[in-house]
Amino acid sequence: MSEHIPTLTELRESISDDAELYDAACRARDLHVAAMEQVHRDANGEALTASAQRRWDVHDGALRALDGFVRERQRQALAEVVARRTGTRSIETAFGAYGGATADVDPVRGEARAVVDHARRLLEDRTAARHLRDEQREYVERSLRTTNGDTDGTSIARLIAATERPAYRSAFMKYAAGGFAFTAEETAAIAEVRSLSIGTPSAGGLAVPALIDPTIVWTAQGSSNPILGRARVETITGNKWLGISSAGMTWTFATEGAEVADNSPSIAQPEIDTHKAQGFIKYSIEVEQDWPGFAAAMSETFTRGYDELLAQVFVTGTTGSNQPDGIVSQLTATTTSQVTLTTAGTLGKVDVYRMWAALPERARMAPAATWMSSTDVQNKVRALGDNPGDAFTVNLTADGIPALFGRPYPINDYFPAFPTGTTTSAIAVVGDFSQYLIAMRAGMSVEQVPLTLGSNRRPDGNRGLYGWTRVGAGVVDPGGFRMLVNKTS
């Protein structure tokens, strides 16, 4: 027999504190939604039986009451925020029927399959998603199909459906331009998005509309980040990515009837924690509310600075700090993944051959197998093949992208320059970059700063947008890489 899920009446009888009642109502509402989805799954496409219909009706009735209560509390909270910021005593709101070309599904209570299908339709909508490139649509489509312990595609679909409603988009544009006078429909749309609690605050700030949110539509094309295009990128809906990695089990041949050897693989359980990344956009008060090309402009603005930050930390991010783990930082702490120069401060052909030979064959043959170093180091590698007859070369035949041993060799100038003498330093990395995982938590939020202050603490005629999101990264299998390091003695 399933566990009893309380109704709003039952919660009110047992909980007197307003904050506790709100939290309990949110939890109960989610449980009723899950129960209704289970009834739908159990039906397996068939009409509901009489008992199943009764269960559905019970949960639906309880859900309607809880949903109305939660939305009303969110409306009150939003009204208080607006009143504090604008000086008005109250605002009028109403939660009416869904309307608009892109609002034919309830993002909060709609059945999972219907919401996912709606999100897919939005991806093909030339009004809502006209600024997206094909590979961005494909990336989001893959996220919508993913359901595991780290990523809930239905949650991403609900966020897309809610933030891409015309009312929410118009509210976000007003907010970005310093406005707070939302219509009733816009206020309802804001409360609806906040009720999802997917990478967004429950009060204060607004979620970036999903189809201009770099944590959801992110791709490497046009990025200056060499690692991003080769790493494994996962959009997650939790606070950390939990995985399993293994070097693989060992197989053997044996005679008939012989006992099998213990070939159990060594299993690791890597975890990638997410960390808060933040940025600030300052703009003049003269910016109009309805910007021409708003979606494309905001997408580019948010993505550019975010991209530059990640390009650096994916190389140098300090393990154990409040930032993603950089590949150089992690491999510096993994001696088994290191190859030392033969002669301190001098790069020779033998060193590059030794790196390649030390890399396990599975990593050499992987589709994401890649070399990476700074421009300074790559120039020294090029010089190794200058003499006629040298077997060791770096070619430029792949559209200007160097290749070494048939594997791409992009430049990444966040890698160190070539060291001198016995200075301790990383030089270059080769390996299967799909073993470097980037976990982007779905949902970027912004907080509007109505008026910024100058050096004398007086208004300077500008506004600002403070944005934040969460991202993590790290090596999940150090055995898939080899890093050349300088000899220190």
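The values are calculated or read from the model by the stated rules, or taken from the named source; none is laboratory data. None of these values were measured; they are calculated from a predicted model. Ideal geometry is used to build each Cβ from the backbone, glycine not excepted, and the neighbour counts take in all protein chains shown. To get the accessible areas, we keep the full protein, side chains included, count just its heavy atoms, and leave off ligands, DNA and RNA. Shrake-Rupley method; radii C 1.70, N 1.55, O 1.52, S 1.80 Å.
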Note to self: With a 1.4 Å probe and all protein chains kept in place, how much accessible area does Phe405 have, in Å² rounded to the nearest 10?
What the structure shows: 70
Checklist line | Projected-area average for the stretch 422-489 over all orientations - Cα convex hull basis, square nanometres | finding: 9.1
Item checked: Rg to Rh quotient for the stretch 1-47, alpha carbon positions, Kirkwood Rh -> 1.13
Next item on the list: For the stretch 105-177, report the accessible area per residue in Å² (1.4 Å probe, heavy atoms, rounded to an integer).
Entry: 39
Checklist line | Spatially proximal aspartates and glutamates relative to Lys240 (Cα-Cα < 15 Å; intrachain offsets below 8 disregarded) | finding: Asp150, Asp152, Glu271, Asp273, Asp325
Note to self: Straight-line reach from Lys174: which lysines fall under 24 Å, measuring Cα to Cα and dropping same-chain residues less than 8 apart?
What the structure shows: Lys282
Note to self: For a protection proxy built on the mean count of beta-carbon atoms within 10 angstrom, sort 450-456, 304-310, 52-58, 162-168 highest first, please.
What the structure shows: 162-168, 304-310, 52-58, 450-456
Notebook entry, point to check: Sorting Asp67, Asp262, Asp42, Asp273 by accessible area (1.4 Å probe), largest first, what list results?
Noted result: Asp262, Asp42, Asp273, Asp67
Next item on the list: Report, ordered by chain and residue number, the lysines lying within cross-link reach of Lys380, taken as a straight Cα distance under 20 Å and ignoring same-chain residues fewer than 8 apart.
Entry: Lys349, Lys487
